[in-house]
Every structure is written in structure tokens, then in C-alpha cells.
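To start, the structure under review is shown below, and the notes come after it.
The values are calculated or read from the model by the stated rules, or taken from the named source; none is laboratory data. If you're wondering where the values come from, they're calculated on a predicted model, not measured in any experiment. Here Cβ is always computed from backbone atoms with ideal geometry, including for glycine, and neighbour counts include all displayed protein chains. Remember, those area values only see protein heavy atoms, side chains included, never the ligands or the DNA or RNA. Shrake-Rupley method; radii C 1.70, N 1.55, O 1.52, S 1.80 Å.
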Amino acid sequence: MTRRAYFDHNATTAARREVVDAMLPFFRERFGNASSIHFFGQENREAIDAARASVASLLGGEPEEIIFTSGGTESDNIAIRGTARARRRVSKADRIVTSAIEHPAVLKTCEDLERDEGFRVEYVPCGRDGVLRLDLLERALAPGAALVTVMLANNETGVIQPVREICSLARPRGIPVHTDAVQGAGKIPVDVNDLGVDLLSISAHKFYGPKGIGALYVRRGTPIEAVYTGGSHECGLRPGTENIPGIVGLGEAARMSKRELPREMEHIRVLRDRLERGVLERVPDVEIAGAGSPRVPNTSNMVVRRVEGEALTLNLSMSGFAISSGSACASGASEPSYVLLALGFDGAASQGGIRVSLGFANTAEEVDAFLEIFPRVVERLRSLSPLA
Ligand SMILES: *Cc1c(COP(=O)(O)O)cnc(C)c1O
């Protein structure tokens, strides 16, 4: 296989060269523990402070409102568990309001709180357009709502959710709002004050930073209890010796993203539009999920009827294209995507979803090569398909 085109940037991205360069000294000579009062420690404390300022600058908050975590999953857990528990203790509110299309880091956390701690979870549906139904959300904000958690951009469809509108509904009622912005950061401008959110999760490896590091924005005054016990690192919300190389890498990824975002996203949007136009022209019975809605510029979820997304993904992999399918293979049979089901696609269609997610290093040549191969792969699979 000579060609290797990476079209799976919503799964992870390669760290930028600048990011890796910034990290390397912290694996070698700058190995100190930032809690040490000697120079090895204090110089690294300064590096952490600089990274915190960089993340705050990307997100629009104050550096003191940024907590470093091990990634998006942990940020979501700390935010949702910590705030739900704090709110119940103070106000007796015990209902968590979320959407049906959240990432498992949010969905499973909510399910766990319901099963083990007696919280109730309300899932606000979304429309066929992939956007959460604001009218139904407003009803869910009745007394007893402890917390709203709705993602900024969906990882499968790229559809942007009305988080700012959600905050203007929740704020007068005194209900904190968390957003999982893991698929927003680095793809669209994200500003905590513009959105009005109280808590916001990001993950470095989704925007050209290293894996295993992320951040949680916590607005000053937000009710939150510590989920972990240990030292006083990260305001006590994420105790443990800091992952300094990771934190420095996240800081650099944030700095680069802020600088490059407008240029890179325009390039990616042009490629994504070329890809979608090309596919729709060449392949019958394809629908782009959420195409008419505001979307992040890099993501295309193509619902290809009469094929299984997983088979398509494997065949494209053999042709040198890395994409992903929303459907997961459970015990040999492929499961439909819960996100496409939530949009109202039927079970068969929901098995035929593939996600192409582009990055700044992708080229028009790669997209054109994909457009050559893709119709042939679909045609072959359709001729063999049990779904035909
Ligand atoms: C990838 C992802 C996560 C998880 O982030 P990790 O850093 O891999 O734990 C959470 N939410 C969304 C929307 C994601 O896409």
C-alpha cells in the first residue's frame, strides 16, 4: 500500500512539530517536580503557568479558571460528577439534563450517576438536522435541574449545538452549564464568555497536541466538589504530580491553534466541500447527516444506504484511506450508530454512516484520489450486500 491518507482527525491528530519541540526538554533536562521549591521545580512551575495562560487565551477565561486533566474523558467526569454532587448537596436538585448524542464520556458518566447515586437523567432529543431541540430543552430546565451538559460540536456529524442559547435559558434559572468542547476547540472559535458556559472540556490530541492531556474550564464560583482525593494540585480538582511535558504541549497546541485557526479552517472547509460535492455527484443514495446545519468545517458524516459503514471503512483502509464508521462492531455484527438513530435515520441507514474528518495537512490531491476510489468501493459492496 503506497498511499496513506489520514481522514480521521476527529479520532485523533498528529502533534504539530512545534508542539513536540516544545515538549522534548521536559522529558530530558527539565524533569523537575513543579511542587519542589528549588529551581528545578520553580522553573517548571513557570512553564505550567505559561501553558495555563495560553489555554486561557484560547478559551477566553482567566488562567485561574483552567484545570489541567488527563484529557476530554476526565474533564467531562470531573465537571459532571463534581457539579452534580455539589448542586444536590446545596439545592437538592438531582436531575441532569443532557442530549441523546453526547460522547460516551458524558453519556456513560450520566448513566453511572443515575445507577449508582440516584440522580435522574433527562435526554433532550435532537431533530433530523442534528441540532438539539431547544424548545424541549427549555422544558427540561424545570425546578430540580442540577446541571445541563450539552456538547459544543458532535464528534460524528460535526453539527454545532446551540450552547449559547442553552446558557441564556439556564443562567437566569441558576443552573450551571457544562459543554464538552473537545470537537470544537481548534475547529471553530471557542470563547467561554461568548458562550456563557460555567464548565468546558477540551482535549489536546484532538487539535494537534499530545494524547493524555486536556483541560477543564471552571468559571469562578461554579459549584463543584472534588472527585479525586490527594494533593492540592489544580485547585484540588485534579490532584497528582503534573504531566509537565503534556501541559507544555497543550499550551503550545493552544497557542498555535489560536494563531492558525482562520487560515487552516478555510483550507479544510474548501476540501470538505469538494469531497461532499464529489461524493454526491458520483454515488447514488448518499445523504450527508446534518448538512444543512451549522457544522465544524472538517467533518462529513455520509450515510451510504445499502452498505455497512464498517465494511466501507475496512475496504477504504485497504485502499490507503483512514476514515471511521459511527457503527461499532459488537460480537461480529455491526451496531447502528446511536447518533444517526437519534437524528431519526432508520436502523439500516444508521449502519451505513461513515465519518470523514479532515485536517490541515490534507490536500486536494488526497480528496480527488478518494473520489476516484470511493464510488468503486461502494458499488462493489452494494453488489455483495445483504442489506440490498
Ligand atoms: C475524543 C472525545 C472525547 C474524549 O477525549 P479523550 O481526551 O480522548 O479522553 C470526549 N468528547 C468528545 C466529543 C470527543 O470527541
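When ASP8 is tested against (1) touching a Pro at 6+ places or on another chain (Cβ under 7 Å); (2) within 16 Å of the ligand (Cβ to nearest atom), exactly one condition is not met: (1).
Check segment 54-61 and report whether any residue there is hydrophobic (A, V, I, L, M, F, W, C), over 10 Å from GLY251 (Cβ atoms) and touching a Phe, Trp or Tyr at 6+ places or on another chain (Cβ under 6 Å). Looking through segment 54-61, at least one residue is hydrophobic (A, V, I, L, M, F, W, C), over 10 Å from GLY251 (Cβ atoms) and touching a Phe, Trp or Tyr at 6+ places or on another chain (Cβ under 6 Å). Scanning segment 272-292 turns up one or more residues that are part of a loop (DSSP other than H, G, I, E, B) and in contact with a Phe, Trp or Tyr (Cβ under 9 Å, 6 or more places away or on another chain). Among the residues of segment 43-52, none qualifies, meaning not one is part of a loop (DSSP other than H, G, I, E, B) and not hydroxyl-bearing (Ser, Thr, Tyr). Whenever a residue of segment 261-279 is outside the structural domain of VAL190 (by TED's automatic domain parsing), its partners that are surrounded by fewer than 17 Cβ atoms within 10 Å (Cβ to Cβ) and of a type in the set (Ser, Thr, Tyr), lying with C-beta atoms within less than 8 angstrom and at least six residues away or across chains, give the pairs LEU271/THR363. Being within 15 Å of the ligand (Cβ to nearest atom), modelled with pLDDT of 95 or more and assigned by TED's automatic domain parsing to the domain that holds GLY246 is a property that does not hold for SER168.
All told, SER201 meets the bar of being of a type in the set (S, T, N, Q), more than 13 Å from GLY82 (Cα to Cα) and modelled with pLDDT of 95 or more. Of all residues in segment 11-20, those satisfying the criterion of being touching a residue at least 40 places away in the same chain (Cβ under 8 Å) and away from the ligand (no atom under 16 Å from the Cβ) are ARG16, GLU18, VAL20. For segment 72-103, residues that are part of a strand (DSSP E or B) and open to solvent by 10 Å² or more (accessible area, probe 1.4 Å) total 1. Residues in segment 47-63 include none that are surrounded by fewer than 20 Cβ atoms within 10 Å (Cβ to Cβ), within 16 Å of the ligand (Cβ to nearest atom) and assigned by TED's automatic domain parsing to the domain that holds GLY240.
Here is the figure for segment 180-225: residues that are surrounded by fewer than 18 Cβ atoms within 10 Å (Cβ to Cβ) and on the phi < 0 side of the Ramachandran plot total 7.
Taking segment 198-221 as the search range and keeping residues that are farther than 12 Å from ALA56 by Cα and more than 15 Å from the ligand (Cβ to nearest atom), which one is nearest to the chain's Cα centre (by Cα)? It comes out as ASP198. Each residue in segment 104-120 was checked for being within 16 Å of THR179 (Cα to Cα) and open to solvent by less than 50 Å² (accessible area, probe 1.4 Å), and 5 pass. The residue of segment 335-386 that is most open to solvent (accessible area, probe 1.4 Å), among those that are more than 20 Å from SER317 (Cβ to Cβ) and not in a helix (DSSP H, G or I), is PRO386. Would you say GLY71 is within 12 Å of the ligand (Cβ to nearest atom) and not hydroxyl-bearing (Ser, Thr, Tyr)? Yes.
The requirement of being away from the ligand (no atom under 16 Å from the Cβ), closer than 25 Å to SER325 by Cα and open to solvent by less than 30 Å² (accessible area, probe 1.4 Å) is not satisfied by GLY158. Kindly indicate whether any position in segment 16-34 is surrounded by fewer than 20 Cβ atoms within 10 Å (Cβ to Cβ) and either in contact with a Cys (Cβ under 6 Å, 6 or more places away or on another chain) or of a type in the set (Ser, Thr, Tyr) (or both). No: segment 16-34 contains no residue that is surrounded by fewer than 20 Cβ atoms within 10 Å (Cβ to Cβ) and either in contact with a Cys (Cβ under 6 Å, 6 or more places away or on another chain) or of a type in the set (Ser, Thr, Tyr) (or both).
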